[in-house]
Structure formats: C-alpha cells, structure tokens
C-alpha cells in the first residue's frame, strides 16, 4: 500500500536541493525522534550515496534504480520499496517525458 499522508510530524521548511534542482526533499521528524525525508526526483540519471541504511518508497510516478555492485536496473512504481545498505550508493533514473519520482526515504 502506498503511503498517501503522514500526520503528526515536524517538517523542515527549508528544502534540500541536490543535483542542480533535479532532486528536492524536505526532512520530517516524528514525535519519537524518527527522521525521514519526502521529496521528488525530476527526469535525470543520478547517483546517491548513503550513510545509514535507507528504504526508498515510491508514492507517485516511477523510476528505475540500480544498487551499487549490481548491473541490473529495476523498475519501481507507486507502492514499491527498495532497500539500500548503509555506506553504499544507488543510481536512479527517470526518463524525460515521464512523471517525476515522488518518494519517502525511511532511514533505518
């Protein structure tokens, strides 16, 4: 099931803008201190590095992703999630003319 709403959180109003505006996100903090980010990736092919493990949840649009050390691009659409190990990286691509990838990043 796709997450469509997150209630009871604090939102960082200053956006995090990466890759010349191709990725924009906002941090959210839950009452228990848990942090996530919500954002959008516009059409591009980008490489993200991770510190902590992450779970990427698609809430709109779609993408293809490739984890570090693999050669396989995998499709991800609304309701899909993929896990990225800590201290690693992943590539993500959204072709021109395709709806942007809307996501929630769950930090493990």
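FYI, it's all coordinate maths here, none of it is from the lab. Since the model is a prediction, treat every value here as computed from it, not as a measurement. A quick note on method: Cβ atoms are made from the backbone with ideal geometry, for glycine too, and the neighbour counts reach across all protein chains shown.
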- Please work out which option in (1) 169; (2) 88; (3) 102 gives volume of the Cα convex hull per residue in Å³ calculated from these coordinates, and answer with its label. (3)
- Rounded Å value of the spacing that divides the Cα centres of region 80-108 and region 2-65: 9
- Message: Applying a 10 Å radius around every beta-carbon, put 73-80, 97-104 in order of their mean neighbour count, most first.
- Response: 97-104, 73-80
- Message: Given a 10 angstrom Cα cut-off, can you work out which residue in 64, 54, 96 is the most mobile in a GNM of the chain?
- Response: 96
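Pairs of Cα atoms under 8 Å, at least six residues apart: use those to get the relative contact order of the chain, whole percent. Spell out each step's value before the answer.
On the way: 262 pairs, mean separation 33.7, N = 108.
Averaging sequence separation for qualifying contacts and normalising by length gives 31 percent for the chain.
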